Amino acid sequence: MAGYLIANLEVTDSKGFDEYRQKVSPLIAQFGGRYLVRGGEVRTLEGNLPVRRLVVLEFPSVEAAQSFYDSPEYAPLLKIRLASTKSDLLLAAGYSG
């Protein structure tokens, strides 16, 4: 079952975030992940959730997504992201119906 990393980001340092974006994409692919949503327009249809920059990543499994997040390769990039954004990050299991 697929695993999804869902991020709601507010970029506070565009230079730092640009560095993060350039370096993280190959690592996501290395762990079998792919972008489903990467920024772009978000329309709030109901509720008051303050969505800024939405990113949705799909991985082959929840375990693969967690491995990506916990990996020593991601650790320095995580520091860059945390220093250049205010962020909320969720890990969700897909539905196999």
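The values are calculated or read from the model by the stated rules, or taken from the named source; none is laboratory data. This one's a predicted model, so the numbers in the text were calculated from it and none came from an experiment. Every residue, glycine as well, gets a Cβ built from its backbone with ideal geometry; the counts of neighbours run over all protein chains shown.
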Inset, instruction - Mind listing whichever residues of the stretch 41-73 are loosely packed, with under 14 Cβ neighbours inside 10 Å and among the small types (Gly, Ala, Ser)? - result: Gly47
Inset, instruction - Taking the options Leu82, Leu77, name whichever one is in contact with a helix residue (DSSP H, G or I) (Cβ under 8 Å, 6 or more places away or on another chain), in a helix (DSSP H, G or I) and at pLDDT 95 or above. - result: Leu77
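Give the residue, chosen from Gly40, Gly32, that is among the small types (Gly, Ala, Ser), on the phi > 0 side of the Ramachandran plot and modelled with pLDDT under 95.
Gly40
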Inset, instruction - Give Phe31, Phe59, Phe68 a once-over and let me know the one that is of a type in the set (Phe, Trp, Tyr), closer than 17 Å to Gly94 by Cβ and in contact with a Lys or Arg (Cβ under 9 Å, 6 or more places away or on another chain). - result: Phe59
Inset, instruction - Could you run through the stretch 74-87 and say how many residues are among the charged types (D, E, K, R) and either loosely packed, with under 14 Cβ neighbours inside 10 Å or under 14 Å from Gly33 (Cα atoms) (or both)? - result: 2
Inset, instruction - Would you be able to say whether some residue in the stretch 61-73 is closer than 24 Å to Gly97 by Cβ, in a loop (DSSP other than H, G, I, E, B) and either free of Cβ contacts under 8 Å to residues at least 60 places away in the same chain or within 12 Å of the chain's Cα centre (by Cα) (or both)? - result: no
Legend entry - Residue in the stretch 1-43 that is farthest from the chain's Cα centre (by Cα), counting only those that are among the basic types (Lys, Arg) and outside any helix (DSSP H, G or I): Arg43
Inset, instruction - Being under 25 Å from Gly16 (Cβ atoms) and free of Cβ contacts under 8 Å to residues at least 40 places away in the same chain narrows it down to one of Lys86, Lys79, so name that one. - result: Lys79
Inset, instruction - Mind counting the residues in the stretch 7-31 that are crowded, with 16+ Cβ neighbours inside 10 Å and either farther than 15 Å from Val51 by Cα or hydrophobic (A, V, I, L, M, F, W, C) (or both)? - result: 10
Legend entry - Selection from the stretch 16-29 of residues that are without any contact (Cβ under 8 Å) to a residue 12 or more places away in the chain and either touching an Asp or Glu at 6+ places or on another chain (Cβ under 9 Å) or basic (Lys, Arg) (or both): Arg21
